[in-house]
Every structure is written in C-alpha cells, then in structure tokens.
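Enquirer: Here it is, the structure in full.
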Amino acid sequence: MRMEPMRTNAESPEAAAALDVPSNRNGARNGARVLIVTPQPFYEDRGTPIAVRYVANALSEIGVEVDLLAFPVGQDVSIRNVTVHRCANPLGIKRVPIGLSWRKIVLDASLWRSFSRLIATHRYDMVHAVEEAAYMAAAICPRAAQPFIYDMASAIPLQLQRKPGLKSRLAQRMLRSVERRILNRASHIICSTGLANYVHEQAADASVSEWRFPAHSAPVPGSDVESLRQQLQIQPDQRVLLYSGNFADYQGIELLLAAFARARQLRPELVLVCVGATERELANWSRQPSKDGSEQVRIVPRQPRERIPVYTELADLLVLPRVGPDNIPLKLYDYMASGKPIVATRHAGYGALLNGARALLCEPTADSLATALVRACTFPGEAAAAAYRSLNYARRHFGWSPFVEFVRDTYGNALARAQGHEGLPPEALQ
C-alpha cells in the first residue's frame, strides 16, 4: 500500500487572503498532534474541502501539528505545520463527483487502509474524522485507544434516503443503529448548525457543538464588476439574481429555473446568473431547447473561490433554492456577509441562521419562490432591511478570530472528555 505524503510549510499570503485567514508566520507549536481524515478531494473549491481547510488553518494558528489524510485528487496547498497525505489511487481516478459514486467507494476503501496505517505508526492526541471517515474511525481508533471527533456535516441515513433501496424502514433502522454506535463512540461531535437536536435524539449523552464558519468576503474594484457585466452581456438596467455553488439535485436548480421563468413575466428586467457548472452540466445546458426566459439565464462554469466576490458584487439579489439535505451550505455564511438581499427556500438546516428577519423566505415550490423574487424587486426597502440585518449578524458571528477560539475550545473539551485515553491534556491548547 502506498501513501503520498506532502510536507507543507506555510499558507501562502494569497491563499490566506482569499480565505480571510491570517498567515501563521511564527510557526509556534504547543506539542499537540492531530490527524484530520477527509474522504474528499483536497483541495477543491467546494463545501467540505473549504471547511477542512478552515479547520487545518485554525489548528495551525493555535500551534497544533496536523497530518491531513485525503483522496489523491485535488490541488496542493501550503499550510504551516500541516502535512498532507494522500491515499493510494489504484484505478487512476482523476475526478470525484459530489455524492455517492463508485469512484468515492473505491477511494473510501483506499482511504481506510491509509487511515489504519497512520494510526498504527503514529500517535495522535485527537483524530478529526470528517463525514463517513467517522465510521472508519469508530472501527480503527478504539483498538489503538485513540480518541476521535466526528465532523458531521449531515446525517448520513437521511442523505441515503434518496437512494433506491436505502429509504425503506428496515434499511433506515439499520443505518440509524450504526450511526448511534458512531455517535456514542466519538469523544465529541461537531455538526452543521441545526443538527445538534438530531444528534441528541440519536445519542442523548453525546457531546455536541455546532459549526459557525468564517465568512469569505473581499473588496471588489468597480472595474472588475463592470467588466464581468459586459462579459455576461448584462445591460445596465437589468437586475441580477445570483446562484453560486454546485448543481447537485438538492441545490434546487430546476426549481430556480422554473421560478425565474414565472418571475420574469412580472419583472422582465431580471437576469439569472448560475455559477458553478461542471463541463458536463454546461454541455447539457447548451443542448437543451430554448424555454421561456432562458435567453436571460447565464450558466457559468466553476470559478476560483477568490473570484466569487466579483459575482456577488454584481448581484442585486442572492438566491438559495436548496431543497435538501439538512445541513448549512458554506455559501450561506458568505451570502449573509455580503450585504446583499437573500431570497431562500425555508429549510430546517439553516433556519437557525436565516430567519424571516434576515431574508425573504418562501416554500420550496416554483410559485412560492417566484413570488418571493417578485416581492424583493417590488419592495426594495424591505429587501435592503433584511440584507442589513443579515450583514450585522454575520459581522458579529462569522469572523475568523471567533472561529479559531471555537476550534481551540472544542478540542480542549474533546480532550477533556477523552481523559481515559493517553494524550495531551486540554490545557496544552491554551
């Protein structure tokens, strides 16, 4: 079995600025060592890899030495005190789509072997297991008396409900039983905001906290916005709706397109920009027959993360048509920090952050979303007031320094909970 280690020395100033992460220039270490295991490409500009990079940067900043084990796919990034390991790639896989796929299953198996090897040959104060890697950790870590944190972006049984054969009562009962075992074995669970109640329903005694990630924003020159407007052939008197993110079914893209066609009948100045399409999705869109309003839809390929603020600044309204699963997309933090009005479907996953005071909310139907879009255009004062409240909330809660302190406190509490294991005492992170 082969792993490909890559020693990294320092987050580059450019990458740090793009992520609103200060560079850790002093390189001070406190003696703690953590293994992050993420069953994802690393690094890619999409949800989980972005979140993992945030965590690695925060641990580095508080002086923790980090090993990060990921799929053998993604671009190299440099973060001080972090060593990236990549599991073997027996089939030469070059791309891993979002969601369950044969590629992910193959690389999960390879990741398991690499994870086992690292635990057998190294000693860590804590393992940070992301998503299904926690299921691996529950099998691997106890034999080595190794505590682990479950980084739970969403409830896997609920995610798998959408798969044929896994939504039956029997399948769900089995999946929930396995999930409860994982939750009870973890020293701590860090879940997406809004999932803590679900975790306590499954494992009443579990130690749980909820993520509050930092928002990504950056000043944008007006000339960049004007250049983008011209590139997308958007007229000065048109009003821009922006969606950014992947085009997976749960994002509600089809819902958004249907709602946009209805909204344009009353607000013909609207133009829709959807950023984040893969090459295949772009090709599929180009082959589709023209529909009412489709000439005012711009489908844009995936963009580097540092480029997204330009699109956000171009927008008059930001739209979040999500229909599942029950977790918070990272773009919501960025949306709320942008100062732009947000139109979103009601969703249990982010209801704790995005209430009716901070956004124009609607039901996940084309008619309801279209009505909300028209209302945002018809009553701009109401939309602007919601945007102002959203921005103020983001300024109070979504900064980098509070995030670093959250990571410090969470690890200290998890280490204290794992007192029965050998390892670093929690005060070592102070």
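Enquirer: Once you put a point 7 Å from the Cα of residue 375 and another 7 Å from the Cα of residue 310, both along the Cβ direction, what distance in nm separates them?
Expert: With each label placed 7 Å out from Cα toward Cβ, I get 3.5 nm.
Enquirer: A further question on this structure: Taking the alpha carbon gyration tensor of the chain, what are the square roots of 5 times its eigenvalues, largest first, to the nearest whole Å?
Expert: 38, 23, 21
Enquirer: Per residue of the chain, what 222 nm ellipticity follows from adding -39500 (n - 2.57) for every DSSP H run with n ≥ 4, rounded to the nearest 500?
Expert: Dividing the helical sum by the residues of the chain leaves -12500 deg cm²/dmol.
Enquirer: Ok, one more. Placing one identical point scatterer on every Cα of segment 222-397 and ignoring solvent, what is log10 I(q)/I(0) from the Debye formula at q = 0.12 Å⁻¹?
Expert: The calculated log intensity ratios at q = 0.12 Å⁻¹ are -0.50.
Enquirer: According to a simple spin-label model (label point 7 Å from Cα along Cα-to-Cβ), what is the distance in nm between residue 144 and residue 367?
Expert: So the two model labels end up 5.7 nm from each other.
Enquirer: Angle between the Cα long axis of helix 253-266 and the longest principal axis of the chain, 0 to 90 degrees, nearest 10?
Expert: 20
Enquirer: Moving on. Taking R0 as 30 Å, what's the FRET efficiency between residue 83 and residue 105 from their Cβ-Cβ distance, rounded to 0.05?
Expert: 0.70
Enquirer: Another question about this same structure. To make sure I understand, if each residue's beta carbon is the centre and we count other beta carbons within 10 Å, what order do 125, 367 fall in, fewest to most?
Expert: Placing the least packed residue first, the sequence is 367, 125.
Enquirer: Given labels modelled 7 Å from the Cα in the Cβ direction, how far is it in nm from residue 298 to residue 395?
Expert: That separation, rounded to one decimal, is 2.9 nm.
Enquirer: Another question, then. Going by amide H atoms built from the backbone, whose H comes under 5 Å of the H on residue 298, apart from near neighbours?
Expert: Result for residue 298 returns 272, 273, 274.
Every number in this text was worked out from the coordinates using simple rules, so none of it is lab data. Quantities reported herein were computed from a predicted structural model and do not represent experimental measurements. Cβ coordinates were reconstructed from backbone atoms using ideal geometry, including for glycine residues, and neighbour counts include every protein chain displayed.
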